[in-house]
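Just so you know, all these numbers are worked out from the coordinates, no wet-lab data involved. Source: prediction; values computed, not measured. Counting neighbours? That spans all protein chains shown, and the Cβs are built from the backbone with ideal geometry, glycine included.
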Amino acid sequence: MKKSLGLFAALLLGASISPAGPQPQAGTIISQNSVACGAKKSKKKDIDILCQQYVVRSGATDFTIRQPKPSNETLIPINTPVEFSLDKNKMKFKANGKSFEFLVVAQAAATPAAP
């Protein structure tokens, strides 16, 4: 009885020590462009609203990420190293001392660099 109780306590303690959440991954922003992500009505016209879209390369995978909603966020320069974590369809990362949260809209195998 005491052995099984001790084993149960050890398993419970081991489970509580294990790290929670996704582990951070290293990546680099390799491209940026603006894409339409909505429209705004202005008197007689619809005006397209633009969001920033980036490609983040991590190892052999390219992630295409987009702002969740239009805002006046600063542009992140190309070749900026980032450390990110994925949570469902969101990528959270820090770049240049600022925290960002983007939607992952695509994922693809990274293309090898041309010689």
Legend entry - For the range 22-109, alpha-carbon Rg relative to the globular expectation (2.2 N^0.38 Å, N residues): 1.16
Legend entry - Cβ-based exposure ranking for Val105, Val56, in which fewest neighbours within 10 Å come first: Val105, Val56
Legend entry - Karplus (6.51, -1.76, 1.60) ³J(HN,Hα), θ = phi - 60°, over the range 87-96, in Hz, Gly and Pro reported as x: 9, 6, 9, 10, 10, 10, 8, 10, 9, 6
Inset, instruction - Please turn the phi angles of the range 46-59 into ³J(HN,Hα) values with the Karplus equation 6.51 cos²θ - 1.76 cosθ + 1.60 (θ = phi - 60°), one per residue in order, whole Hz, x for glycine and proline. - result: 9, 10, 5, 9, 9, 10, 7, 10, 10, 10, 10, 9, 9, x
